[in-house]
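Bear in mind these aren't lab numbers, they're just calculated from the coordinates by the rules spelled out. What you see is a predicted model; the values in this text were computed from it and never measured.
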Amino acid sequence: MSQKKPPSLNYDLKATKKLFNEYLEKGRDKTEIKLPPDTVKIDDLDRNKTLARLYKLVDDVIEKIYNTGRPSIKLPSRATSNIKWDEENDLLLLGNQLQEKQFHTLTSVTDVTRLMRVLEIVDELLVKDIHATKREIFYSDVNLFVEQKNSDKSIEDVATMLYATRNSTHIVAAPKGTCVGRLRIRDKNDIIDLEGLGSGGWTISPMLDNIEIIESDAEFILVIEKDAALMRLAEARFWRKYPCILITAQGVGNVAVRMFLKRLSRELNLPIFSLVDSDPYGHYIHSVYLRGSKRLSYESPFLATPNIKLLGVLTKDLDAYKIPNEVRIPMNKQDKKRVKDMLNEDFVKKNKKWEEDLKLALKLEIKAEIQAFSAHGFEFLTEKYLPEKLTTGDWI
Amino acid sequence: MRIFRKKNGGIVQLIDKEKMQEWPVELPLIFIEYIRNKKLESYEDIKVKKGVENYLDEIMEDIAIPRLINVLEGSDVEEIILALTRLEQLSRKKIEMIRPIKSYLNNLLKLKTTKIVTLAQTISDNFAKADRKKELAKKRKIMQEKEKQFLAGKIGGEEYAKARKEYLTLKE
């Protein structure tokens, strides 16, 4: 099959510019999100404030030991039943149900010991003003944690116990995402130009407390599910023709990527779009950026970007852009179940366009990857599909 | 962020100067230099360029220089050395940027820390060199003007010789 270059048309990104002007006119929403009364408020704290909370928590435990001899710790429950969708703010949040961990019961003693060990590590990290990854925490006491999922759980428990984001504890995710385009940042004493780092771009630092946005002349942000698609856009220097910032997290965005995107959204106030595979997993990835994940619902206000739009690839795009049958993939059982699960989510039911597209996917029982556009030539994505969608405003 | 809007609908956003109060002392100067040298031309829009230039001057006046002066007048030797090292680098590249701190150098030259004195002296010397260069350019211009007038027969040889002598004396 010959690879034809699509005719080079001039797209003015009219719809994107309109959205961008609306955001500019509306100005930044500086007011804090008002959370519903039955949800937990989590803070993003600096080192000293986190340390103060940690010492207060330990003091309370010591006091309980003196007074009752039977200490315990109360923390917000992270069970699914305690996760709420806040319709007004469009976020998944943690409810105010509490769970109590007793120091003296056989069922919780291992759990409490792990929690105390993580607290000890957090104290060390904060005092020394250094950061550690979740993997490093696990390896700091393998005999105690046994498996990384146990240390990960304790890390999340400690963050909720302190009513603080995980980043406040200086425990960070491993670097995973990449960012490239019209953005300049400061990392401590260095100024980094994200246009000048080649196709590879900048690896999003999980130590976001060291990062500051200092300059940008972008007009929108595009979050891409896959490295391969980012590579296509980076090679075409897409941001030169269409002033933008590109981000990929190679799948579901980890805490660092989502927090960085949230920061970009809050500070630059630009329209944000996601480009994911046309399959239920791609839609799920978009939903995590949009409303947060259930597992990290306690941090949603710091991680979710409620104004992100799903640009594509939509199921209806497959016919609209004449994607050949050879590159369409039939859905398997798991895919169909995932689509049905998504259709049951309140936030999907509230979004008619989204619901329609998922229903269409279920009806046609097909999915496709972003790379399917290569059937029309490698430049089709950068020279036709994306500019056309950004010009016509065909997004969810 | 400080927003500058382009005629074609585009924008440029720069960090609020207030946030720079928390930065390491030499960083606002590096930021100003970076935007001036690396970004300003790429903005294309004349109005935006002018607006950004003015904003950079504002940062210089309100943040960069006062913070440097604060350090130079303080008693933290390490901070003073750090600031002077950066100033010394800037004095070689763009001395006019740091002219407001010139008057603070005399006091630093009286201190006992050798490193501070050496750095302050180098910056002072660079100021002297820059001032001399400026003066020389001024004298050259006068001399060239007098030369033209002399050749046109508008002034006498004595007047031209005087201007030429002043220029050559300074040059030597």
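From the C-alpha gyration tensor of region A:238-294, pull out the three semi-axes of the equivalent ellipsoid (sqrt of 5λ each), sorted largest to smallest, in whole Å. Intermediate values should be presented prior to the final figure.
Values: eigenvalues 77, 46, 18 Å².
Largest first, region A:238-294 gives 20, 15, 10 Å.
State the volume of the convex hull built on the alpha-carbon positions of chain A, expressed per residue in Å³ and rounded to an integer.
158 Å³
Evaluate 2.2 N^0.38 Å with N set to the residue count of region B:2-132, then give the Cα radius of gyration divided by it. Display every interim value, and only then the final one.
Working: Rg = 16.5 Å, N = 131, 2.2 N^0.38 = 14.0 Å.
Working it through for region B:2-132, the quotient is 1.18.
Would you kindly calculate the translational diffusion coefficient of region A:101-229, applying Stokes-Einstein with the Kirkwood radius from alpha carbon pairs, for 20 °C and a viscosity of 1.002 mPa s, and quote it in µm² s⁻¹ without decimals?
Answer from the Stokes-Einstein relation: 126 µm²/s.
Let me test this: with uniform point scatterers at the alpha carbons of region A:319-384, what is the Debye-based log₁₀ I(q)/I(0) at q = 0.15 1/Å?
Result of the Debye calculation: -0.57.
Given bins 5 angstrom wide, list per bin the percent of all Cα-Cα distances in region A:47-172, short to long.
The percentages, shortest bin first, are 2, 10, 19, 21, 21, 16, 8, 3, 1.
Please work out the C-alpha center-to-center distance from region A:302-317 to region B:103-172 and express it in whole Å.
64 Å
When the C-alpha atoms of region B:55-158 are aligned to their principal axes, what extent does each axis show, in angstrom, from largest down?
Cα spread of region B:55-158 along its principal axes, largest to smallest: 63, 36, 19 Å.
Would you mind checking the tilt of helix A:352-364 against the longest principal axis of the Cα atoms of chain A, expressed as 0 to 90 degrees and rounded to 10?
Helix A:352-364 and the main axis of chain A meet at about 70 degrees.
Show me, for region A:299-310, the HN-Hα J-couplings you get by feeding each phi into the Karplus relation (A = 6.51, B = -1.76, C = 1.60, θ = phi - 60°), rounded to Hz, glycine and proline as x.
Going residue by residue, I get 9, 3, x, 9, 10, 7, 10, x, 9, 6, 10, 8 Hz, with x marking Gly and Pro.
Rg to Rh ratio, region A:152-203, alpha-carbon atoms and Kirkwood radius?
Rg/Rh for region A:152-203 comes to 1.16.
Which far-off residues, 5 or more places away or on another chain, put their amide H under 5 Å from the one on A:Lys84, with H placed in the peptide plane?
Long-range HN contacts for A:Lys84: A:Leu93, A:Leu94, A:Gly95.
Taking chain B as the reference, fit the longest principal axis to its C-alpha atoms, fit the long axis of helix B:157-171 to the helix C-alpha atoms, and give the angle between the two in degrees, 0 to 90, nearest 10.
Helix B:157-171 sits roughly 40 degrees off the main axis of chain B.
For region A:59-108, what does the alpha-carbon gyration tensor say about shape, rounded, prolate or oblate, given a ≥ b ≥ c as the root eigenvalues, a/c under 1.5 as rounded, and a/b over b/c as prolate?
Note, shape of region A:59-108 comes out prolate.
Roughly what % of DSSP beta bridges within region A:47-172 run antiparallel, to the nearest 5?
80 percent
Treating the angle as unsigned and between 0 and 90°, give the value, to the nearest 10°, between the Cα long axis of helix A:280-291 and the longest Cα principal axis of chain A.
60 degrees
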